[in-house]
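Just so it is clear, none of the values below were taken in a lab; they were calculated from the coordinates. What you see is a predicted model, and the numbers here were worked out from it, not measured in a lab. Don't worry about glycine lacking a Cβ; one is built from the backbone with ideal geometry, like all the others, and counts go over all protein chains shown.
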Amino acid sequence: MTKYQNYPPTDDIRSGCKVGWRTYATRKEAEKCAEAARLNGIVKACQGYDFGYQVPGSIRQLADGRFEVCIP
């Protein structure tokens, strides 16, 4: 069984009803978070968790140049 992974410290975080989002200043930091989010998403999916239309581990660049990662 895969263990739940910790996320690196973040600049900002926001929560939704099925997922959350963590914001990072650099792509490198966001990619570390995304790797943990993908693994954590697998763990939660195996427990029956539903992410709606969101994809844990996906990264998008914000208008201010920071990077946002979807987390389960």
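Things worth noting here:
- Scanning region 39-53 for residues that are under 10 Å from the mean Cα position of the chain (by Cα) and farther than 17 Å from residue 29 by Cβ returns a single hit, 41.
- Tally of residues being closer than 13 Å to residue 5 by Cβ and free of Cβ contacts under 8 Å to residues at least 12 places away in the same chain across region 20-72: 0
- The residues listed here are 53, 49, 4; of these, the one that is surrounded by 12 or more Cβ atoms within 10 Å (Cβ to Cβ) and hydroxyl-bearing (Ser, Thr, Tyr) is 49.
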